[in-house]
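Let me begin by presenting the structure, written as structure tokens, before commenting on it.
The values are calculated or read from the model by the stated rules, or taken from the named source; none is laboratory data. Quick caveat, the model's predicted, so the values are computed rather than measured. Virtual Cβ from ideal backbone geometry, glycine too; neighbours counted across all protein chains shown.
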Amino acid sequence: MTRRCGLIVALDTSDPVQARRWAVAVRPHCGMVKLGLEFFLARGHAAMAAAGVAPIFLDLKFHDIPNTVAGAVRAVLPFRPRMLTLHASGGAAMIAAARAAADTAGDAKPLLLGVTVLTSLDAAALGDVGVDGGPRQQVLRLARLALAAGADGLVCSPLEISVLRDALGDGPVLVVPGIRPAGAAADDQARTMTPGAAAAAGADWLVVGRPITRAADPAAAAAAIAAEILG
């Protein structure tokens, strides 16, 4: 499969000065920056200003009753995120409510991404919470549910990219964390892949945090990963 794949750099910190420093450094090499729970809960509106040099992927993984999630989506629309996450396991009604709320932003509405199975979970961890059949089966089940309910795309580990493309085609936007350059530590990620392999498998966006932000030169690390994606 030949498709364009972009880099998203995860700004995983609660320090707005550090976040902006990283964002400025990596901006020439990435299409978006990701802000998650750590920063958003610590800084709120300041989180948006800190990363304002690049489009924002707001990764808050909403998961609650439909009315609450719809309200949460409406609450973050003024930040104008390009993409927004919610857990697909929240169910079809929750995703549909989020879709309706996001659509109130008109042309500025964010892409809604259904988070399938976290990259920190393997088959044993899923079994511990009562999910049998392993990650691939659960990812595909949740992916179909999310897309049918109105999600624009999915968040999946790199190991499920090919499974989703084979089953669902080119349409869904696939955003893929769990990316580690060759030789890098996996950290708490259980299902990982190199940037080049994930891009070749059919991802639209690769999310990379610690291999870039913990590097001695984050800009150089981002540039190297972006070059591998293009290659």
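Of all residues in segment 133-181, which are under 23 Å from GLY231 (Cβ atoms) and out of contact with any helix residue (DSSP H, G or I) (no Cβ under 9 Å at 6 or more places or on another chain)?
ASP170, VAL173, VAL175
Answer yes or no: is there a residue in segment 180-193 that is on the phi < 0 side of the Ramachandran plot, among the aliphatic types (A, V, I, L, M) and crowded, with 20+ Cβ neighbours inside 10 Å.
Yes.
Take the conditions in a loop (DSSP other than H, G, I, E, B) and either touching a Cys at 6+ places or on another chain (Cβ under 7 Å) or without any contact (Cβ under 8 Å) to a residue 40 or more places away in the chain (or both) and apply them to ASP132. Does it pass?
Spelling it out, ASP132 is indeed in a loop (DSSP other than H, G, I, E, B) and either touching a Cys at 6+ places or on another chain (Cβ under 7 Å) or without any contact (Cβ under 8 Å) to a residue 40 or more places away in the chain (or both).
So which of ASP128, ASP152 ends up being surrounded by fewer than 21 Cβ atoms within 10 Å (Cβ to Cβ) and under 14 Å from the mean Cα position of the chain (by Cα)?
ASP152
Among all residue pairs at least 6 apart or on different chains, which show Cβ distances below 6 Å where the first residue, located in segment 103-115, is within 14 Å of TRP205 (Cβ to Cβ) and surrounded by 15 or more Cβ atoms within 10 Å (Cβ to Cβ) and the second is at pLDDT 95 or above and polar (S, T, N, Q)?
So the pair list comes out as LEU113/THR85; VAL115/THR85.
Conditions (1) touching a strand residue (DSSP E or B) at 6+ places or on another chain (Cβ under 6 Å); (2) under 19 Å from HIS87 (Cβ atoms), marked per residue:
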| position | (1), (2) |
| --- | --- |
| LEU121 | no, yes |
| VAL129 | no, yes |
| PRO135 | no, yes |
| ARG144 | no, yes |
| GLU160 | no, yes |
| PRO181 | no, no |
| THR194 | no, no |
| ALA200 | no, no |
| VAL207 | yes, yes |
